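Here the structure comes first, spelled out in structure tokens, and everything after it is commentary.
The values are calculated or read from the model by the stated rules, or taken from the named source; none is laboratory data. What you see is a predicted model, and the numbers here were worked out from it, not measured in a lab. Cβ atoms come from the backbone with ideal geometry, glycine included; neighbour counts cover every protein chain shown. Quick note on the areas: whole protein, heavy atoms, side chains included, nothing else; ligands and nucleic acids left out. Shrake-Rupley method; radii C 1.70, N 1.55, O 1.52, S 1.80 Å.
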Amino acid sequence: YKVQGNTITLKTNYRSTVPIQKLASDYSALCKIHDPNVNSQAFIPGPIPELIIADSNNKAYNEILKKISWCKYNLEFEFKDICVVTINSDELSKLHSLLSVKDIPSNIIESADFDFKKDDNSIRLSTIKYIKGIDFPILILFLSEKLINKKLNGNMDSNIQMNCVYACITRAMDLLYVITTKEVANMHKIDKKTPIAYLIHLMSQ
């Protein structure tokens, strides 16, 4: 039997809020990673994604912990609603240890024994390379200098880096926080045309 299929482009985003979708669309256009004619539009209202620039790496980790606490105890989300994304597994392991010290349960998505079907109320942790295809009410992205270092980012070139950042933005359903440091922000001005520079530029406007 000859079966001819039809391609349908979905232009309504039912996952993310309007501000998150706008950031994703603007980032995609700035990086030129997708056809601008197929961008979808969201209709769910929500807060503007927040950029936090910390004084140092240690303070950036503290900002992550503060955002987790705020979302859990002030906004009354569950821990399992929150996903924290880092560039590589070393950063992920450090964050996992810091959360453990604070008695905050967390699980690394890439672990062999991780199972979404388990109803454990824990923070979800992932590296940027493996976040595509999953979504969370809250996503916190720790954007370090390691993103543009192929030896430290899992051998990702600049195009893959940009696509991974875009994927991170689109995984957030309700709240998106991007946390970086002053050193990284100062190194990545818009004229540098790096994945970090593009995102910081858009979120600083």
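For this structure, a couple of remarks:
- Scanning segment 9-25 for residues that are open to solvent by 10 Å² or more (accessible area, probe 1.4 Å), within 17 Å of residue 136 (Cα to Cα) and either small (Gly, Ala, Ser) or in a strand (DSSP E or B) (or both) turns up 13, 14, 15.
Listed here are the residues, each with its yes/no results for (1) under 17 Å from residue 138 (Cα atoms); (2) assigned to a loop (DSSP other than H, G, I, E, B).
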| site | (1), (2) |
| --- | --- |
| 77 | yes, yes |
| 80 | yes, no |
| 83 | yes, no |
| 90 | no, no |
| 96 | no, no |
| 104 | yes, yes |
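- Close contacts from segment 95-118, counting a first residue that is without any contact (Cβ under 8 Å) to a residue 40 or more places away in the chain and more than 16 Å from residue 135 (Cα to Cα) and a second that is aromatic (Phe, Trp, Tyr) and open to solvent by less than 40 Å² (accessible area, probe 1.4 Å), with Cβ to Cβ under 9 Å and a gap of 6+ residues or different chains, come to 98/61; 104/79; 105/79; 106/79.
- Leading residue by the ranking (nearest to residue 126 (Cα to Cα)) among those in segment 72-105 that are among the acidic types (Asp, Glu) and open to solvent by 30 Å² or more (accessible area, probe 1.4 Å): 90
- Contacts under 6 angstrom Cβ, first residue in segment 7-33 being over 16 Å from residue 159 (Cα atoms), partner open to solvent by 60 Å² or more (accessible area, probe 1.4 Å) and not in a loop (DSSP other than H, G, I, E, B), 6 or more apart: 9/38
- Inside segment 159-203, residues that are of a type in the set (Gly, Ala, Ser) and either open to solvent by 60 Å² or more (accessible area, probe 1.4 Å) or closer than 17 Å to residue 22 by Cα (or both) make up a count of 2.
- In segment 106-127, the qualifying residues are those that are of a type in the set (A, V, I, L, M, F, W, C) and in contact with a Phe, Trp or Tyr (Cβ under 9 Å, 6 or more places away or on another chain), and the one that is least open to solvent (accessible area, probe 1.4 Å) is 123.
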